[in-house]
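Only the coordinates and a few stated rules stand behind these numbers; no lab work does. Here the structure is a predicted model, which means the values were calculated and not measured. All Cβ positions, even for glycine, are placed from backbone atoms using ideal geometry, and neighbour counts span all protein chains on display.
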Amino acid sequence: MKPAARLVTILTIVVGLPPLALPQQTAPAPPRQDAAGNPVRRAPTGHVSNYDEAKAAGYTLPDPLVLANGQRVRDAKTWTDRRRPEILELYKTHIYGRVPERAPKASFEVAETDAAAMEGAAIRKRIVVRFGDKPDGPAANVTLYVPAKATRPVPLVLHLMFGPRPSSEPARPMETGPLADILSRGYGYAHFRYTEVQPDARDSGGSGVIALALAPGQTKPEPDEWGSITAWAWAASRVLDYLETDRAVDARRVALLGHSRLGKTALWAGALDPRFALVFASCSGEMGASLARRDYGETVDDVAANFPWWMAENFQKFSGRWSDMPVDSHMLIALCAPRPVFVTGGTQDQWADPHGMFLAQVGAGPVYRLLGKKDLGTTTLPPLDTPLTSGSLGFHYHTGGHTISPADWNAFLEFADRHLKPR
Ligand code: GCU
């Protein structure tokens, strides 16, 4: 026993003090920020956030173009028929969780229509997407805008949003897109608040749509069934089901967009539902677009400990063992191929590892090329504030923080214009 430990034991016995945690038995708490202002956190595994590029290198990514049996994927058909389903299944089983068969049915009701919204520039509707058959069950209120002067079905931007929030809560700056610009470019725009589908909180599996899918006596989903990211992604598909019925919208040209945890959700929704024509993941970070094997900023350990409800329970086993994951984010992006994917990050948001998101876009390139599409066009991080929008994989590294900046919106709309041809 070390002298200090002996002293505590003696004190405990003599004075009746409770046994104290000895300072030298636990590592000192890391500072909350490094000199550059990046968050520094110690995960329960003991891992401390790293922002040193030299320490982040040295990982090996799984090859998206090698089948589980070791054979190389050499043509588009083998990718589509065999490799893509393999990767999708791995993501369902181990990472985000599958949609259970008992998932509720969704029904739609157009609750309000304003034919002269935005001073006549738009037709606005509120659609209630109800999950399950109870009138007081979860329901998403979708607000849909269509340019009033549209003469045929329009492509649309579907925005997974944190708001609208109760007026008592401050809005996040990225909360609504540049609506007038989006409409004048010839797109429709729709959004809904993600927590109307499923709460974003620890132990929330007993409410929202996840609770509706529990079998009698079951208190939480199975280890390979949905966490909340899958539930939100699934809801985006139910909104797309509605959009397919709305004659003002061309549902074959819907771009799905989300920021941060909703950027993770947008990527997974794009992987699950090939009807989404394009995905924009803003600052999606760990378990979104950034490579999990790269030890930079937030890690698997942080997500597993701080946001366990986002993921399937099975995901927990990768805490401290990232290289044992059968997938990484370049494969999540590749699940969207050949459909276009646009990814952004910010200089003041190193927690989300913008460089790691860029490298994942690079890593998805071989799959896009195999399918006859143009990749990012470079393997070197582009200069700041210089969007890459000419291929089917796009990237923008903005000067600024954890947000969708006005420049991101411009670059995204330019990228979308190329692929969704609003006019
Ligand atoms: C936290 C979390 C991120 C997430 C972000 C957000 O910062 O660590 O993974 O993307 O919240 O959703 O805003």
For Asn306, which of the numbered conditions (1) on the phi > 0 side of the Ramachandran plot; (2) within 13 Å of the ligand (Cβ to nearest atom) fails to hold? (1)
Within the range 89-105, considering residues that are among the aliphatic types (A, V, I, L, M) and surrounded by 20 or more Cβ atoms within 10 Å (Cβ to Cβ), the one nearest to Arg238 (Cα to Cα): Ala103
Collect the residues in the range 380-421 that are on the phi < 0 side of the Ramachandran plot and of a type in the set (Asp, Glu), keeping them in residue-number order. Asp408, Glu414, Asp417
Only residues that are of a type outside the set (A, V, I, L, M, F, W, C) and closer than 13 Å to Asp295 by Cα: list them for the range 54-69, please. Lys55, Gly58, Tyr59, Thr60
Looking at the range 209-265, which of the residues that are closer than 30 Å to Glu298 by Cα and among the aromatic types (Phe, Trp, Tyr) is nearest to the ligand (Cβ to nearest atom)? Trp232
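Condition check ((1) under 21 Å from Leu420 (Cα atoms); (2) within 16 Å of the ligand (Cβ to nearest atom)) across all residues:
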site	(1), (2)
Gly345	no, yes
Asp349	no, yes
Gly363	no, no
Tyr368	yes, no
Leu381	no, no
Gly401	no, yes
Ile404	yes, yes
Asp408	yes, yes
Residue by residue through the range 292-303, note down the ones that are out of contact with any Pro (no Cβ under 9 Å at 6 or more places or on another chain), within 14 Å of the ligand (Cβ to nearest atom) and either touching a residue at least 60 places away in the same chain (Cβ under 8 Å) or under 14 Å from Ile229 (Cα atoms) (or both). Tyr296, Thr299, Asp302, Val303
So, Ser228, is that one in contact with a helix residue (DSSP H, G or I) (Cβ under 8 Å, 6 or more places away or on another chain) and either more than 18 Å from Val129 (Cα to Cα) or of a type in the set (S, T, N, Q) (or both) or not? yes
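Check Ala292, Ala305, Ala281, Ala277 and return the single one that is small (Gly, Ala, Ser) and closer than 20 Å to Pro221 by Cβ. Working first, answer last.
Numbers: Ala292 fails: closer than 20 Å to Pro221 by Cβ; Ala281 fails: closer than 20 Å to Pro221 by Cβ; Ala277 fails: closer than 20 Å to Pro221 by Cβ.
The unique qualifying residue is Ala305.
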Failed criterion for Ala54 (all others in (1) more than 25 Å from the chain's Cα centre (by Cα); (2) within 17 Å of Trp351 (Cα to Cα); (3) surrounded by 12 or more Cβ atoms within 10 Å (Cβ to Cβ) hold): (3)
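Rundown of residues vs (1) within 30 Å of Val146 (Cβ to Cβ); (2) within 15 Å of the ligand (Cβ to nearest atom); (3) buried (at least 24 other Cβ atoms within 10 Å of the Cβ); (4) under 17 Å from the mean Cα position of the chain (by Cα), yes/no style:
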| position | (1), (2), (3), (4) |
| --- | --- |
| Ser282 | yes, yes, yes, yes |
| Ser290 | no, yes, yes, yes |
| Arg321 | no, no, no, no |
| Met331 | no, no, yes, yes |
Close pairs from the range 223-244: first farther than 21 Å from Glu89 by Cα, partner assigned to a helix (DSSP H, G or I), Cβ under 9 Å, at least 6 apart: Leu240/Ala269
